[in-house]
1. List the pairs from K36/K118; K19/K89; K52/K130 whose alpha-carbon separation is above 26 Å, in the order I gave them.
2. Dipole size in debye (nearest 20) for the chain around its Cα centre, Lys and Arg Cβ +1, Asp and Glu Cβ -1?
3. Amide H neighbours of Q96 under 5 Å, counting only residues 5+ apart in sequence or on other chains, H built in-plane at 1.01 Å?
4. List the aspartates and glutamates whose Cα sits under 16 Å from the Cα of K93, skipping any in the same chain fewer than 8 residues away.
5. Cα centroids of the range 21-54 and the range 74-93: how far apart, whole angstrom?
6. All other residues with a Cβ under 14 Å from the Cβ of I111 taken together, and with Lys, Arg as +1 and Asp, Glu as -1, what is their net charge?
7. Restricting to the chain, what percent of DSSP beta bridges are antiparallel, rounded to 5?
8. If you take the square roots of the eigenvalues of the alpha-carbon gyration tensor of the range 30-76 and sort them as a ≥ b ≥ c, do you get rounded (a/c under 1.5), prolate (a/b over b/c) or oblate?
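A short reminder: the numbers here are calculations on the coordinates, not readings from a lab. Note that this is a predicted model, so its numbers are computed, not measured. Every residue, glycine among them, receives a Cβ derived from its backbone with ideal geometry; neighbour counts consider all protein chains shown.
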Amino acid sequence: MTTLTTFAPVTPTSAPAEKLILRYVSDADMIAAKGKSTGLEVLPAYSQLIEKASKHFEHSNKLNCYFHLSVINASTTKLLFNLFSVLTKETRKGNQVTIYWVVEQDDEDLIDVGLDFKNALNLDFRITVK
């Protein structure tokens, strides 16, 4: 039975294509984040995602994480760092974590953020430029 949990913070001023969608699919060993990740309303959603990711390793030894964010801010960067810190601890326990960081070719800022995370963390961190 697949457990799908979607954490979608309320972003009333955003166009539908710009909303942040965070998903956790337990049976697929996957979390995903897509869209615009700014504003204080993202904090509870990321907190829930971090909790689900941490508990995921109670029943599985791998987790694939997909990030295709269009915009992030300093708060999101901190939340992602918190998530990646939890995942780094899990890899030290022998669990397998792969991060897929997908960015648009012309988005130099998010490419740089991905490279910073890749260089700072001891995770299998794969950057894909579209």
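1. Working: K36/K118 21 Å; K19/K89 30 Å; K52/K130 29 Å.
The answer is K19/K89; K52/K130.
2. Values: 14 positive and 15 negative charges, 90 e Å.
With Lys and Arg at +1 and Asp and Glu at -1, about 440 debye.
3. For Q96, the qualifying residues are K62, L63.
4. By straight Cα distance, K93 reaches E58, D124.
5. Using only Cα atoms to place each centre, the spacing works out to 12 Å.
6. Numbers: positive: K118, R126, K130; negative: E104, D106, D107, E108, D109, D112, D116.
Taking every Cβ under 14 Å from that of I111, the sum is -4.
7. Numbers: 9 of 29 bridges.
Bridges in the chain are about 30 percent antiparallel.
8. Values: a/c = 3.59, a/b = 1.77, b/c = 2.03.
Oblate is the answer for the range 30-76, as a/c is 1.5 or above yet b/c matches or exceeds a/b.
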